[in-house]
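Report on the following structure.
Coordinate-derived values only; no laboratory data. Every value quoted in this text rests on a predicted model; they were computed, and no experiment measured them. Cβ coordinates were reconstructed from backbone atoms using ideal geometry, including for glycine residues, and neighbour counts include every protein chain displayed.
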Amino acid sequence: MTVHELSRTDARRIAVRAQLLDATRPYGLSDVVRRLTLLQIDPTAAVAPSADLVAWSRLGASGYAPADLTAALADRTLLELRAMIRPAEDLALYRAEMAEWPERGTPTSWSEYHGTWVAANDACRRDILDRLGTAGPLPSRELPDTCELPWRSSGWSNNRNVTKLLELMVQRGEVAVAGRSGGDRLWDLAERVYPDTPAIPVAEALRTRDERRLRALGIARARGPECQVEPADVGEAGEPAVVEGVRGRWRVDPAQLGQPFAGRAALLSPFDRLIHDRRRTTELFGFDYQLEMYKPAAKRRWGYFALPILYGERLVGKLDATADRRAGVLRVDAIHEDEEFDRAVTEAVGREIEDLARFLGLELLPPR
């Protein structure tokens with residue numbers, strides 16, 4: 001098979017167009033989620049929750065409102081699965097894997113621990129299913145913690161037995177997120193939430209997921225670092241490619257090759273899939289970025305929740321902004337230019353910031 005030879009500009013344009021960030025806007029929220037395959041859930045709302053930011057950056061303030069996502073989740077057009085919002089029909093690609101839980105193939109130390117821990121707390125699992133069957137949907141705090149073996153972790157989940165058990169029961173296909181009340185997930189039996197669609201066999205489902213992921217990314221590594229929930233690699237999907245000045249082989253979506261490109265400005269969530277794989281971002285875009293919300297303020301270079309700035313096929317800076325909803329303003333603390341903005345970039349980025357304020361329903365306060 002021919003190995004496609006791409007310049008970095010070619011590769012960047014493929015990635016941007018695949019992520020629906022070029023000048024051609026998608027048709028609506030359902031179109032965005034189907035073509036991207038997912039919206040990642042993250043509750044941080046220094047500007048807006050990530051799922052809303054991703055949808056807005058594709059559709060703009062005139063094409064998207066958070067109520068659209070709420071409605072799509074309520075009518076089950078979209079579903080929440082393992083901290084990702086996915087099209088309801090895609091559940092068929094996960095059912096067979098759920099049935100094979102804890103993990104297909106060779107068990108890892110974590111999968112073995114998960115399986116052993118759930119088995120040790122089988123009575124609690126059954127108590128949760130009984131309680132949901134009688135009274136669901138319910139938040140986790142209203143579910144019984146009868147675990148005999150506590151969950152041990154060095155992180156935030158230590159001893160959060162019910163929460164961890166519910167997350168593993170999602171992987172088993174037993175429970176599902178039925179909605180949210182404020183920031184709390186509401187849990188119910190999966191059979192009441194999920195569509196009654198037949199499972200696609202695991203091998204076929206994994207192949208299809210790789211193909212859809214590559215279609216959404218445009219270009220990616222066949223194999224990459226291990227990533228929880230949603231991999232960053234695409235297996236043997238697509239066709240082989242090399243990128244000028246970048247070591248190693250890539251896989252590229254052949255439907256993206258040779259297509260015209262017209263760019264625009266966009267402000268991205270820190271969790272946006274265009275920049276989610278930081279190594280890929282560095283290799284293709286030469287863009288240095290870290291989410292700094294976990295750093296002490298004095299050590300931040302760009303801000304608590306800085307939004308990467310896209311212009312055309314280049315990532316050109318970061319926007320440090322805060323949505324102060326109590327004061328009714330979007331405060332722009334700084335615009336960090338990785339390369340000096342010319343007039344066209346300045347005006348285009350300014351329009352996006354204005355649109356962000358409009359989307360949020362806040363008055364724009366420009367930097368001092």
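Side notes on the structure shown:
- Whole-Hz ³J(HN,Hα) from phi, Karplus 6.51 cos²θ - 1.76 cosθ + 1.60, for the stretch 115-128, glycine and proline x: x, 5, 5, 5, 4, 5, 10, 4, 5, 5, 4, 5, 4, 5
- Computed over the chain, the quotient of the alpha carbon radius of gyration and 2.2 N^0.38 Å is 1.04.
- Linear extension gain, M1 paired with T346, 0.36 nm per residue minus alpha-carbon span: 119.8 nm
- Length-normalised contact order for the stretch 140-278 - Cα pairs under 8 Å, 6+ apart - percent: 13
- Amide H contacts of C147 (H built 1.01 Å from N, under 5 Å, at least 5 apart or other chain): none
- Relative to the current alpha-carbon distance between A83 and A71, full extension at 0.36 nm per residue lengthens the span by 2.5 nm.
- Each peptide in 25-35, 325-335 was scored by the mean count of other Cβ atoms within 10 Å over its residues; highest first, the order is 25-35, 325-335.
- Considering only the Cα atoms of the stretch 93-247, their convex hull presents on average a projected area of 11.8 nm².
- Contour minus Cα-Cα distance for R141 and D196 (0.36 nm per residue): 17.0 nm
- Spatial separation of Cα centroids for the stretch 172-195 and the stretch 65-87, in angstrom: 12
- Shape summary: the stretch 217-271 maps onto an equivalent ellipsoid whose semi-axes, from the alpha-carbon gyration tensor, are 20, 19, 11 Å in decreasing order.
- Percentage of interatomic Cα-Cα distances in the stretch 232-368 larger than 28 Å: 27
- Reciprocal mean inverse distance between Cα atoms of the stretch 1-107 - Kirkwood radius, Å: 15.9
- Once C-alpha pairs closer than 8 Å and six or more residues apart are averaged by separation and normalised to the residue number of the stretch 264-368, the relative contact order reads 25 percent.
- Under 5 Å between amide hydrogens, built in the peptide plane, is the criterion, and for A178 it picks out L186, W187, D188 among residues at least 5 positions away or on other chains.
- Residues in the stretch 231-248 reached by a label modelled at E339 [backbone nitrogen below 20 Å; 7 Å Cα→Cβ]: 243-247
- Cα centroid separation, the stretch 272-336 to the stretch 1-35 (Å): 21
- Kirkwood-based Rg to Rh ratio, the stretch 176-238, C-alpha trace: 1.10
- For the stretch 357-367, 3J(HN,Hα) computed residue by residue from phi via the Karplus equation (6.51, -1.76, 1.60; θ = phi - 60°) reads 4, 5, 4, 7, x, 10, 6, 7, 10, x, x Hz, glycine and proline entered as x.
- Residues A119 and R326, FRET efficiency given R0 of 35 Å [Cβ-Cβ distance, rounded to 0.05]: 0.15
- In the stretch 276-316, the inverse of the mean reciprocal separation of distinct Cα atoms equals 11.2 Å; this is its Kirkwood hydrodynamic radius.
- Neighbourhood net charge (9 Å Cβ-Cβ; Lys/Arg +1, Asp/Glu -1) for V162: +2
- The eigenvalues of the Cα gyration tensor, multiplied by 5 and square-rooted, give the stretch 183-299 an equivalent ellipsoid with semi-axes of 28, 25, 14 Å from largest to smallest.
- Sequence-distant residues sharing a close amide H with A321 (under 5 Å, placed H): F305, L307, D333
- Hz values of 3J(HN,Hα) by residue in the stretch 193-202 - Karplus curve (6.51, -1.76, 1.60), Gly and Pro given as x: 9, 7, x, 7, 10, x, 6, 8, x, 3
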